[in-house]
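Just below is one structure, and these are the notes that go with it.
The values are calculated or read from the model by the stated rules, or taken from the named source; none is laboratory data. This is a predicted model, so every value here is computed, not measured. Backbone-built Cβ (ideal geometry, glycine too); neighbour counts: all protein chains shown. Each accessible area value is taken on the protein alone, full model and side chains, heavy atoms only, with ligands, DNA and RNA left out. Shrake-Rupley method; radii C 1.70, N 1.55, O 1.52, S 1.80 Å.
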Amino acid sequence: MSRFLTRCGLLVAVLLPAAAQADTTFKIATLAPEGTTWMKEMRAGADEVERRTAGRVKFKFYPGGIMGNDASVLRKMRIGQLQGAAVTGNSLSDIYPDAQLYSLPLLFRSYAEVDYVRGKMDPILRKGLEDAGLVPIGFTEGGFAYLFSQRQVASQDDLKKCKIWLPENDIINTAAFESAGVTPVPLPFADVYTGLQTGLLDTVVTLPTAAIAFQWHTKLKTFTDHPLSYLIGVLAINKKAFDGLSAEDQATVRSVMAASFERLNKLNREDNENARAALRKQGLEFNTLSAAEREKWQAFADEAIVKLKGAGVYTPALLEQLRGHLVYFRAQAAATPR
């Protein structure tokens, strides 16, 4: 009998680690359409994770908004229907407000500024997300959002005549446009194209790649070449679900997806630049702002940032830290001979 119990004990000891390594499938939703660079790179990373974990960790993606808007996706994550999402930082603001710090209006002037600041601030935002219960296994550039319209928009007066679409619950850009005397029209992504067709909308704020991916550019005529905000994309997994992986598999997922999103960062920038060229080639009129208008737009952006501080949209100390990096970078750039 004792030998039998001993053998059973050994069998249990062998089987328990196997049970701990049970296969895990992370269900991930995103608004990114199938066939985009985002989806291709995420799928490539997922395939590499599955290969390197011998099939213990898999990803199942739901692209193109089939799981609903970002708010719906985050609700489904809370109840366990989904384990993760690939969304903009702004969409995570209810969970971690500073996820949208980079998107404050007219904060950055160039990609060079972005690269310098992100080198300093990304680790802080990543830790903040993880402390809030989300593991950011992918962190990448979305790019600069611009104003696309059916009319010329080269001044604040032009802006006031526009019927501007913004995503639902976009607190930051809503505050910026309201400071400029404009009331935006909030709609789900799925309704934007119809809104442009029917005249409910005549202007959108979006990335060049998104304007093409969602076919909105076919209903638009002008592009105001002044970056309004900078977007990041995050592939985040519920921390409780992620903690179910072994330490080894966690390290593999982090490493592989970090590499994928580093490539995606470069590809997204290239895609946005190529999209700008394609839009110009397809006949969109590119407008620029005069120096006086740039100052005017900066003033209403700064006013909005102050209002957003009062609403608790970001941590003031973090914004001051970010601005300190910007001041240093701009001073160094100004002092460098050209």
Enumeration of residues in the stretch 53-67 that are surrounded by fewer than 19 Cβ atoms within 10 Å (Cβ to Cβ) and β-branched (V, I, T): I66
Hey, L245 modelled with pLDDT of 95 or more, more than 20 Å from R151 (Cβ to Cβ) and of a type outside the set (D, E) or not: yes
Residue pairs meeting the criteria (Cβ under 8 Å; at least 6 apart or on separate chains; first in contact (Cβ under 8 Å) with a residue 60 or more places away in the chain, in the stretch 236-255; second in a helix (DSSP H, G or I) and surrounded by fewer than 19 Cβ atoms within 10 Å (Cβ to Cβ)): K239/E130; F242/Q250; S246/A20; T252/R52
Within the stretch 75-112, considering residues that are charged (D, E, K, R) and either part of a helix (DSSP H, G or I) or in contact with a His (Cβ under 9 Å, 6 or more places away or on another chain) (or both), the one surrounded by the most Cβ atoms within 10 Å (Cβ to Cβ): D98
One residue from G195, G181, G233 being open to solvent by less than 10 Å² (accessible area, probe 1.4 Å), farther than 30 Å from D131 by Cβ and either modelled with pLDDT under 95 or in contact with a Leu (Cβ under 8 Å, 6 or more places away or on another chain) (or both): G195
Check on T224, hydroxyl-bearing (S, T, Y) and out of contact with any helix residue (DSSP H, G or I) (no Cβ under 9 Å at 6 or more places or on another chain): no
Qualifying residue in the stretch 297-320 (condition: closer than 23 Å to Q150 by Cβ and either crowded, with 16+ Cβ neighbours inside 10 Å or touching a Lys or Arg at 6+ places or on another chain (Cβ under 7 Å) (or both)): yes
Residue check, N274 of a type in the set (S, T, N, Q) and modelled with pLDDT of 95 or more: yes
Subset of the stretch 282-320 [in contact with a helix residue (DSSP H, G or I) (Cβ under 7 Å, 6 or more places away or on another chain) and closer than 19 Å to R118 by Cα]: Y314, T315, P316, L318, L319
Selected residue [open to solvent by less than 10 Å² (accessible area, probe 1.4 Å) and without any contact (Cβ under 8 Å) to a residue 60 or more places away in the chain] from W216, W165: W165
Qualifying residue in the stretch 297-310 (condition: of a type in the set (G, A, S), part of a helix (DSSP H, G or I) and more than 23 Å from G89 (Cα to Cα)): yes
Lone unmet requirement of (1) in a helix (DSSP H, G or I); (2) at pLDDT below 95; (3) touching a Gly at 6+ places or on another chain (Cβ under 7 Å); (4) not aliphatic (A, V, I, L, M) for E34: (1)
Some residue of the stretch 25-44 being open to solvent by 50 Å² or more (accessible area, probe 1.4 Å), on the phi > 0 side of the Ramachandran plot and not aromatic (F, W, Y): no
